[in-house]
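Take a look at the structure below.
The values are calculated or read from the model by the stated rules, or taken from the named source; none is laboratory data. Predicted, not measured: the structure shown is a model, and the values here were computed from it. Using ideal geometry, Cβ is built from the backbone for each residue, glycine included, and neighbour counts are taken over all protein chains shown. Protein only, heavy atoms only, side chains kept; ligands, DNA and RNA dropped before computing areas. Shrake-Rupley method; radii C 1.70, N 1.55, O 1.52, S 1.80 Å.
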Amino acid sequence: MASQDGGRTVALSRQLSLAHDELRRLINGLKNDLESGAGHRHTGGGTLAAHCLAFCSALETHHRGEDDGLFAQLVRERPDLAGTVAKLVEDHGLISSILSRVAELARQADGGPGPDEAIRRELDGLAAIMESHFRYEERVIGAALDRTVPDGDWPEPVFRPVRT
């Protein structure tokens, strides 16, 4: 069953997927730069450390927006999804701790030769966790938004766009 008005919540589902795609693109770019031995210069300008920090900030902002906006409203509309949302918020906490480690390693690397291998390992682990989390979120939350959540009176905006 599509959302009653067929618009707002379906658009939110699409926006969620697009935000995840952008975050995937950003982390893959960081990983590729490390793999290619781009050193401490990022191909887009600025240091690799600066781009790591920008990525960490973008992912944190995305998750805060979900927690405070999208998920809060979703639970109001669909209380039966409270357990699922709680699990996703728990995942956000785990991801946040990894982001803190990546940010710390990036700051250490900013002054010269740094812990590229440690950053690479953290980014590999983060990418795997993100992918699992995003797929689950898109499958469960996206499906709810696409089919079973009325458009109703959703506040503007319910989550922030990804920006680096």
Selection from the stretch 9-27 of residues that are open to solvent by less than 40 Å² (accessible area, probe 1.4 Å), aliphatic (A, V, I, L, M) and either within 16 Å of Cys52 (Cβ to Cβ) or within 11 Å of the chain's Cα centre (by Cα) (or both): Leu16, Ala19, Leu23, Leu26, Ile27
Considering residues that are modelled with pLDDT of 90 or more and open to solvent by less than 60 Å² (accessible area, probe 1.4 Å), the number found within the stretch 117-128 is 5
Check the stretch 96-116 and report whether any residue there is at pLDDT 90 or above, in contact with a Leu (Cβ under 7 Å, 6 or more places away or on another chain) and under 18 Å from Glu22 (Cα atoms). yes
Can you list residue pairs whose Cβ atoms sit under 6 Å apart, with the first residue in the stretch 48-74 being closer than 17 Å to Leu94 by Cα and open to solvent by 10 Å² or more (accessible area, probe 1.4 Å) and the second being modelled with pLDDT under 90 and of a type in the set (Asp, Glu)? Count only pairs 6 or more apart in sequence or on different chains. none
Could you please give the count of residues in the stretch 75-112 that are surrounded by 16 or more Cβ atoms within 10 Å (Cβ to Cβ) and farther than 27 Å from Leu53 by Cα? 5
Does Leu99 satisfy the condition of being in contact (Cβ under 8 Å) with a residue 12 or more places away in the chain, in a helix (DSSP H, G or I) and under 19 Å from the mean Cα position of the chain (by Cα)? yes
